[in-house]
1. Residue by residue through the range 1-17, note down the ones that are in a helix (DSSP H, G or I), out of contact with any His (no Cβ under 9 Å at 6 or more places or on another chain) and in contact (Cβ under 8 Å) with a residue 40 or more places away in the chain.
2. Starting from residues that are touching a Leu at 6+ places or on another chain (Cβ under 9 Å) and either at pLDDT 95 or above or assigned to a helix (DSSP H, G or I) (or both), keep the ones in the range 52-72 and report whichever is surrounded by the fewest Cβ atoms within 10 Å (Cβ to Cβ).
3. Taking the range 18-50 on its own, how many of its residues are farther than 16 Å from Glu64 by Cα, under 11 Å from the mean Cα position of the chain (by Cα) and in contact (Cβ under 8 Å) with a residue 40 or more places away in the chain?
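The values are calculated or read from the model by the stated rules, or taken from the named source; none is laboratory data. Keep in mind it's a predicted model, so treat the numbers as computed, not measured. Cβ sites come from the backbone with ideal geometry, for glycine too, and all protein chains shown count toward neighbours.
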Amino acid sequence: MVDLLTVSGAAREIEHHCGCPVRPRDISTLLYDRRIDDRLCPIIAGHRMISREVLPLIEQVLVERGVISSRVEEAHSHAS
């Protein structure tokens, strides 16, 4: 069985993983702008559902777009 999260739940999971704030709206924008294939995150009973398997991809795209910073980037900036 696939473990599905709401957009808010996905934002909390990514925030916990990367250690920086993630707004559900930022994830919704990625899907609306087709930065992430919305077939990976279907709408079920009126709610966008996101598989935990897609979280690394969402985090990567958020980092690439400058919405959040990665732990690696932060570690390098603190070491400088």
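1. Here is the first cut: in the range 1-17, the residues in a helix (DSSP H, G or I) are 7-17.
Among the residues that remain, those that are also out of contact with any His (no Cβ under 9 Å at 6 or more places or on another chain) are: 8-17.
Hits for the range 1-17 are Gly9, Ala10, Glu13, Ile14, His17.
2. Among those residues, the one meeting the criterion is Glu53.
3. Residues flagged as farther than 16 Å from Glu64 by Cα, under 11 Å from the mean Cα position of the chain (by Cα) and in contact (Cβ under 8 Å) with a residue 40 or more places away in the chain within the range 18-50 amount to 1.
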